[in-house]
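The values are calculated or read from the model by the stated rules, or taken from the named source; none is laboratory data. Note that the structure is predicted; figures quoted are calculated from it, not measured. Every residue, glycine among them, receives a Cβ derived from its backbone with ideal geometry; neighbour counts consider all protein chains shown. For accessibility, only protein heavy atoms count, side chains too; no ligands or nucleic acids. Shrake-Rupley method; radii C 1.70, N 1.55, O 1.52, S 1.80 Å.
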Amino acid sequence: MAFEKRIRVTVNGRAFERSVEPRLLLSDFLRETLDLTGTHVGCEHGVCGACTLLMNGDSVRSCLTLAVQADGAEIITVEGHGKAGEFSPAQEAFHACHALQCGFCTPGMLATVVDALRKLPLDSEAEVREALAGNLCRCTGYQHIVDAVLTINTKEEGIS
Amino acid sequence: MPEGRYVGAPIKRREDARLLTGESRFVDDIRIAGTKSVAFRRSDHAHARIVSINTDAAKQSPGVVGVFTAADIEGDARPIIASSRMANYQPTPMQILAKDKVRFVGEAVVAVVAENRYLAEDAAELVEIDYEPLAPVTDAEAAARPDSPLLHDGFASNVLVEREFKRGDVVEALWRPPVKVKARFRVHRKTPLALESRVCLAEFQAAKSHMTLYTSSQVPGIIKDALVKALDIPGSHFRVVAPDVGGGFGGKTSLYPEEALVCILARKIRGAVKWCSDRSEDLLATSQAFDEIVDAEMSVDEAGRILGVTAEVIGDVGAYSIYPWTAGIEPVQVISFLPGPYRIEHYHGRVRGVATCKPPMGPYRGVGRPVATFVMERLIDMAARKLGLDALQMRLTNIVQPHEFPYKTASGMRWDKAGFVECLKDAAEAIEYAALRETQAKAHAEGRMLGIGIATFAELTGIGSRLSASPGMPINTGTETAHLSMDATGGVTARFGVTCYGQGLETALAQVVADEMGMLIEDVRIIQGDTDAVGHGVGAFASRGAVMGAGAAMLACEALKEKLVKAASALLNAPEDEISVGQGALTTRDGESALTYSELAERYYSHMGAVPLEIKNALGELSVSRMYDPEWGTTSCATHIAVVEVEREACKIKVLQYVVSDDCGQMINPLIVDGQLHGGIAQGIGAALFEELAYDDDGQHLSASLVDYVVPSASDVPRMAMRHPELEKPENLGGIRGIGENGTIGAVAAIANAVSDALAPLGIEVTEVPTTPERLFRMLDASKKEMSNI
């Protein structure tokens, strides 16, 4: 077997320690090694944003990140937001506004939205669209996603 | 359909909970122990003879289970051929792996099976293929000429399909009138680009002689019907599952070589084999769209009445005629739909579908109609401009009027009554058309380039068995099945042949079943996307899911209620005609006795002796199955109006406003209807302004990443306003018209017309889409030079 490096990561509050090949992508580490299939891979070259997750509080493309780069990091994937019946505010807003169709881009969208709500004012529709511009969606035409973001009360605690 | 508690209401989707929490299950999320991964070595030549293939090094690579070429799978499948009744049609057998010759960049030549995808890709790199390059056939127009090199040896020409529609006398119509407009229109090649690329996983259970194919497909029924024949597996032992599917838009409606191959390999290694396409493979080898040249001419009298239209279409259908739709699917429908919702007495449309060194052309959202609508709507605006008429008025003059339905179009299609005029007027009212024209005049006076674009069109949705979804195609796309069964608690499980790839059909069909049965929606479960669900199913395409699924559901609910009445008659000891069913219960006419569904089901199934055995034996399980065939199709229509501003210095086109008024009949769920329209419009904006698959003269693909193939982002799409005027419902079951493709069909034309309207002061008419910044720059530059020459 090829050279492997031991890494420790916290994913959705749980600590994992695994040996990985240096070339293993973070997206594949989560999906194949940890079996957390909620993170979706849409392009593997950092454009579509489907694989976006939160790493140490920032939205990150997991297809452009190696698993070894995540050593010591705290990661939140879509599985860590909220559960059916206990949606997070972002999940609730997406559900209420019909902000998803096939749902393939949704995990990445949620990560981007949570990050943007923490860091950006998002006062206007144009700002919301700009914040979402790095995540492609082919189903919704974005309108209901924009609506969902605009309806989330940014003052509310615990947005993720 | 009677408006019930759920139908017509904005019910939040039941799919959402799993999709929002990561509990969804797409094909790549399915875990079967021991699954091997496939990676392909694909052709880097557009047209070449395969001289030799050396797989020795690949076979020695770590983790490799096997390396397969066409020779290694010879005899493992019968030929898969998209046949057709069309005259002069030349079918092309599917190449599962390229044998002897490659015909486009990206065609699969060698398959490597390994323990995981990393190792499979490592080994695929080590395959050595020696090619003898052949003359590339890349330009469809040149390829149609008799002197062109042939893509398929032994063919009469590269023209795979040819068709013609004629009505009246176009020569007379075009000769006589004072006003003519003509242009060569060009719509470039694009791709459906579902965010989930294609993935397929075959599991062969040798001890059971059973094959299961999990595939990200819109049409598990079609895949099953084709592969049981090709692979010679009894239908009872072949199951196709399309679980959660991450978008499709037509790109997942065809049978692909990779789907056949994973089954062949799973059978060979007696296990599970998966292929997960990366984005580059998706751009290289998923079915593509449009790519037509349309030479069209329209003649008009001075009052703006259209007298005649001619259209000569060349469609670039790529290297192979796609299964099952054939190479006719896209280009033939351009001439079928070109006359649109207008009264056109004289029409001549001719089309040739020409094979080139590109991936196969397949169905894409709108199929033919986006291009047909683009051409027709551009011609109308060009004629209106020439005559000094208003674009809206010119359409009102020519559109089929309410008293003229059913209307037979110049290409022979039949429009049943739909709100052509109503939607046109409603959209104009919604956007305050007259005031908008004044705003535009002011903007022009200030030197701003503001444009208004109208597109109005009609399409055929929910097509029954009297018409083929693709011309001359022999498979039946006109029926769908619903199977309902009631369990011992009174809950209903509804199984469907129509599938879902993200539209929300699972929620919509639950709404229909709950209303028809008079039950709570929570007590209805929907199963679809699995060929085990019903005896025969087809899939979701051609705006049929809601029409066919709801129709089948309504028939099945009616039959189930009849059965419940029979059971209740025995249990309540009352004649059947004295029992009514509704609100989740069966009640005798005198109101004395009643049984809820759960009481009835529990007694019927679980109380021994409650129902006389002869009745129970005759009646059987509380389940029914019904097929729905709407026979013809239902017209769906809309008017789109877009407002754009062209920023000259930046060569940027900004879409400022967008309004749609459509006639979609009875809405099952308005949230879903609007979502379908929004998404379709965004894709249409993509086709009008951004999305283009580029190939060079050697057939090399220049846009195999999302950096090169640009799709609209949130800031490229405007806020859209949707209007659904209350109109007479169509006569099909439920009064439903399909809506899935409506957005894309109208948007290409509306945007192109708006851009042309903005550029009208410079004398520019958009005839080529997408209007990328580069094309816009070239048009502006040419007009500047022209102006300075005056």
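Taking the numbered list (1) free of Cβ contacts under 8 Å to residues at least 60 places away in the same chain; (2) buried (at least 24 other Cβ atoms within 10 Å of the Cβ) in turn, A:Thr52 passes all entries but (1).
Taking region B:747-773 on its own, how many of its residues are part of a helix (DSSP H, G or I) and over 29 Å from the mean Cα position of the chain (by Cα)? Number satisfying all stated conditions: 6. Taking the numbered list (1) within 14 Å of chain A (Cβ to nearest Cβ); (2) outside any loop (DSSP other than H, G, I, E, B); (3) of a type outside the set (Gly, Ala, Ser) in turn, B:Asp662 passes all entries but (1).
A search for C-beta distances below 8 Å between a residue of region B:168-179 that is basic (Lys, Arg) and any residue that is at pLDDT 80 or above, counting only pairs 6+ apart in sequence or on different chains, returns B:Arg176/B:Ser299; B:Arg176/B:Leu307.
Among the residues in region B:203-216, are any under 13 Å from B:Glu259 (Cβ atoms), in contact with a Phe, Trp or Tyr (Cβ under 9 Å, 6 or more places away or on another chain), hydrophobic (A, V, I, L, M, F, W, C) and not assigned by TED's automatic domain parsing to the domain that holds B:Cys500? The answer is yes, given that some residue of region B:203-216 is under 13 Å from B:Glu259 (Cβ atoms), in contact with a Phe, Trp or Tyr (Cβ under 9 Å, 6 or more places away or on another chain), hydrophobic (A, V, I, L, M, F, W, C) and not assigned by TED's automatic domain parsing to the domain that holds B:Cys500. For region B:22-42, filtered to residues that are within 28 Å of the chain's Cα centre (by Cα) and open to solvent by less than 20 Å² (accessible area, probe 1.4 Å), the residue that is nearest to the other protein chains (Cβ to nearest Cβ) is B:Gly22. The set of residues in region B:509-532 being of a type in the set (A, V, I, L, M), under 24 Å from the mean Cα position of the chain (by Cα) and open to solvent by 10 Å² or more (accessible area, probe 1.4 Å) consists of B:Ile526, B:Ile527. Taking the numbered list (1) part of a strand (DSSP E or B); (2) among the aliphatic types (A, V, I, L, M); (3) at the interface with chain A (Cβ under 10 Å from one of its Cβ atoms) in turn, B:Ile672 passes all entries but (1). Count, please, the residues in region B:697-717 that happen to be at negative phi and more than 9 Å from chain A (Cβ to nearest Cβ). Count: 10.
Please specify each residue of region B:679-703 satisfying the condition of being in a loop (DSSP other than H, G, I, E, B) and either open to solvent by less than 20 Å² (accessible area, probe 1.4 Å) or at pLDDT below 95 (or both). If you could, list the steps in order and put the result at the bottom.
First pass over region B:679-703, keeping only residues in a loop (DSSP other than H, G, I, E, B): B:691-694, B:696-700, B:702-703.
Within region B:679-703, B:Glu691, B:Leu693, B:Gly699, B:Ser703 qualify.
Count of region B:432-468 residues, restricted to those that are open to solvent by less than 10 Å² (accessible area, probe 1.4 Å) and either closer than 18 Å to B:Ile380 by Cα or of a type in the set (D, E, K, R) (or both), is 9.
Residue count for region B:735-757, restricted to those that are surrounded by 24 or more Cβ atoms within 10 Å (Cβ to Cβ), more than 23 Å from B:Lys386 (Cβ to Cβ) and of a type in the set (Gly, Ala, Ser): 5. Report the residue count in region B:58-96 for those that are open to solvent by less than 10 Å² (accessible area, probe 1.4 Å) and more than 17 Å from B:Glu125 (Cα to Cα). The qualifying residues number 2. Restricting A:Arg8, A:Arg61, A:Arg14 to residues that are in contact with a strand residue (DSSP E or B) (Cβ under 9 Å, 6 or more places away or on another chain), among the basic types (Lys, Arg), open to solvent by 30 Å² or more (accessible area, probe 1.4 Å) and farther than 30 Å from A:Glu130 by Cβ narrows the list to A:Arg8.
A Cβ distance below 6 Å, combined with a sequence gap of six or more or placement on separate chains, defines the contacts here; from region A:30-47, residues that are under 14 Å from A:Val78 (Cα atoms) and within 8 Å of another protein chain (Cβ to nearest Cβ) reach residues that are part of a loop (DSSP other than H, G, I, E, B) and of a type in the set (A, V, I, L, M) in the pairs A:His40/A:Ala50.
Check region B:721-730 and report whether any residue there is small (Gly, Ala, Ser), within 14 Å of another protein chain (Cβ to nearest Cβ) and free of Cβ contacts under 8 Å to residues at least 40 places away in the same chain. Give the derivation first.
Kept after step one, since they are small (Gly, Ala, Ser), are these residues of region B:721-730: B:721.
When the remaining residues are screened for being within 14 Å of another protein chain (Cβ to nearest Cβ), the result is B:721.
So of that shortlist, the ones also free of Cβ contacts under 8 Å to residues at least 40 places away in the same chain come out as none.
There is no residue in region B:721-730 that is small (Gly, Ala, Ser), within 14 Å of another protein chain (Cβ to nearest Cβ) and free of Cβ contacts under 8 Å to residues at least 40 places away in the same chain.
Within region B:11-21, restricting attention to residues that are in contact (Cβ under 8 Å) with a residue 60 or more places away in the chain and within 8 Å of chain A (Cβ to nearest Cβ), the residue that is nearest to B:Ile526 (Cα to Cα) is B:Glu15.
Applying the criterion of at least 1 residues that are within 12 Å of another protein chain (Cβ to nearest Cβ) to the strands (runs of 3 or more DSSP E) found wholly in region A:50-152 leaves A:52-55, A:74-76.
With the requirement that a residue be over 18 Å from B:Pro360 (Cβ atoms), among the β-branched types (Val, Ile, Thr) and open to solvent by less than 40 Å² (accessible area, probe 1.4 Å), what does region B:146-182 give you? B:Val170, B:Val179, B:Val181, listed by residue number. Looking at the structure I just gave you, is B:Leu509 part of a helix (DSSP H, G or I) and either among the acidic types (Asp, Glu) or within 25 Å of B:Pro220 (Cβ to Cβ) (or both)? The answer is yes for B:Leu509.
Being crowded, with 16+ Cβ neighbours inside 10 Å, of a type in the set (D, E, K, R) and at pLDDT below 95 is the requirement here; does B:Arg544 meet it? It would help to see each step written out before you state the result.
Numbers: crowded, with 16+ Cβ neighbours inside 10 Å: yes; of a type in the set (D, E, K, R): yes; at pLDDT below 95: yes.
Yes: the conditions hold for B:Arg544.
Every condition in (1) open to solvent by 10 Å² or more (accessible area, probe 1.4 Å); (2) under 16 Å from B:Val273 (Cα atoms); (3) within 13 Å of another protein chain (Cβ to nearest Cβ) is met by B:Arg239 except one, and the failing one is (3). In region B:297-328, the qualifying residues are those that are assigned to a strand (DSSP E or B) and under 22 Å from B:Asp139 (Cβ atoms), and the one that is most open to solvent (accessible area, probe 1.4 Å) is B:Glu312. Restricting attention to region A:5-20, the residues that are without any contact (Cβ under 8 Å) to a residue 40 or more places away in the chain and either within 14 Å of B:Asn116 (Cβ to Cβ) or among the small types (Gly, Ala, Ser) (or both) total 2. Restricting region B:274-296 to residues that are away from every other protein chain (no Cβ under 14 Å) and over 23 Å from B:Tyr214 (Cβ atoms) leaves a set whose member that is surrounded by the fewest Cβ atoms within 10 Å (Cβ to Cβ) is B:Asp295. Residues that are more than 11 Å from B:Met298 (Cβ to Cβ) and over 26 Å from the mean Cα position of the chain (by Cα) within region B:374-393 comprise B:Arg385, B:Leu387, B:Gly388, B:Leu389, B:Asp390, B:Ala391, B:Leu392, B:Gln393, listed in sequence order. Scanning region B:473-500 for residues that are open to solvent by 30 Å² or more (accessible area, probe 1.4 Å), assigned to a loop (DSSP other than H, G, I, E, B) and not acidic (Asp, Glu) yields B:Pro474, B:Ile475, B:Asn476, B:Ala488, B:Thr489. Among the residues making up region B:660-678, those that are under 23 Å from A:Gly134 (Cα atoms) and open to solvent by less than 10 Å² (accessible area, probe 1.4 Å) are B:Gly675, B:Leu677, B:His678.
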